[in-house]
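So the structure is just underneath, and the comments pick up after that.
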């Protein structure tokens, strides 16, 4: 087996993972209110400009577009040309995007050339990166394709993913915040926490008065999650929309309860910054596959 990984850009991979030659990706794009179409990015200067110009109150919200069918065809052809015979696809949660369905449809056209196993991620951002990281570890260890498929399926099914918002209007305007509409007329500012549920749009779990209260809850969720896997290591990841200080405070809260637990911090790119708004955090929990 010679295996590659194909993912969409909402995984927001960081180095050294994103620098691997066996990882390919297809990109989300954004149509700006001035008619310009841009490819999303996690580059900080790009995001600063994006927020300053296009995410101000009274400005029309940029529209995101998932990768096109031609993007998948081009990616699969590159994979074939590089000599791979197997592809593990990891795509944004199908409850919020048609990315997974498009990938699955196009991949059927390559069934005679590639063994393609597609995963519908629970969320995006750190959730997708965690799954991709574990798949690369198993590939590097020489695990057979069926074992990787079985283990990755279990990891995906047992992962958890949350979004912590500072404001909820961007997600509502973007059509992905149905569960937040009850908060629109609330006179008091609240901080929502949403959980991504497979096969559903993000579900509002609770609201908080302060970030400190919400961080405490997320830290308790992490500790409870670790308790479910007493003989296994877990992954904890935080994504942020130009809000690294908030991510660091959440990390501190987690490590007060789990002092030896590594916590990875990543940037969220333009496409989902446009839906989540500045200062949002993503939060992902996933077991480790047991291979180092």
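The values are calculated or read from the model by the stated rules, or taken from the named source; none is laboratory data. As the structure is a computational prediction, the values presented were derived from the model and not from experiment. Note: ideal-geometry Cβ built from the backbone for every residue, glycine included; neighbour counts use all protein chains shown.
Please find, among 130, 134, 108, the residue that is under 15 Å from residue 6 (Cα atoms), out of contact with any strand residue (DSSP E or B) (no Cβ under 7 Å at 6 or more places or on another chain) and surrounded by 16 or more Cβ atoms within 10 Å (Cβ to Cβ).
Checking each option against the conditions leaves just 134.
Go through the stretch 53-67 and count every residue that is buried (at least 19 other Cβ atoms within 10 Å of the Cβ), under 11 Å from residue 274 (Cβ atoms) and in contact with a strand residue (DSSP E or B) (Cβ under 6 Å, 6 or more places away or on another chain).
Counting residues in the stretch 53-67 that are buried (at least 19 other Cβ atoms within 10 Å of the Cβ), under 11 Å from residue 274 (Cβ atoms) and in contact with a strand residue (DSSP E or B) (Cβ under 6 Å, 6 or more places away or on another chain) gives 2.
Need the failing condition index for residue 274 against (1) in contact (Cβ under 8 Å) with a residue 60 or more places away in the chain; (2) over 15 Å from the mean Cα position of the chain (by Cα); (3) farther than 19 Å from residue 13 by Cβ, just the number.
Of (1) in contact (Cβ under 8 Å) with a residue 60 or more places away in the chain; (2) over 15 Å from the mean Cα position of the chain (by Cα); (3) farther than 19 Å from residue 13 by Cβ, only one is false for residue 274: (2).
In contact with a strand residue (DSSP E or B) (Cβ under 9 Å, 6 or more places away or on another chain) and either modelled with pLDDT of 95 or more or in the same structural domain as residue 129 (by TED's automatic domain parsing) (or both), is that true of residue 266?
yes
Inside the stretch 178-288, counting only strands (runs of 3 or more DSSP E) that do not spill past its ends, which hold 3 or more residues that are surrounded by 18 or more Cβ atoms within 10 Å (Cβ to Cβ)?
191-195, 234-240, 281-287
Could you tell me whether any residue of the stretch 137-154 is under 15 Å from the mean Cα position of the chain (by Cα), over 18 Å from residue 194 (Cα atoms) and assigned to a helix (DSSP H, G or I)?
Start the filter on the stretch 137-154 by keeping residues that are under 15 Å from the mean Cα position of the chain (by Cα), which leaves none.
Looking through the stretch 137-154, none of the residues is under 15 Å from the mean Cα position of the chain (by Cα), over 18 Å from residue 194 (Cα atoms) and assigned to a helix (DSSP H, G or I).
Being at pLDDT 95 or above, surrounded by 20 or more Cβ atoms within 10 Å (Cβ to Cβ), farther than 18 Å from residue 284 by Cα and in contact with a helix residue (DSSP H, G or I) (Cβ under 6 Å, 6 or more places away or on another chain) is true for just one of 139, 148. Which residue is that?
The match here is 148.
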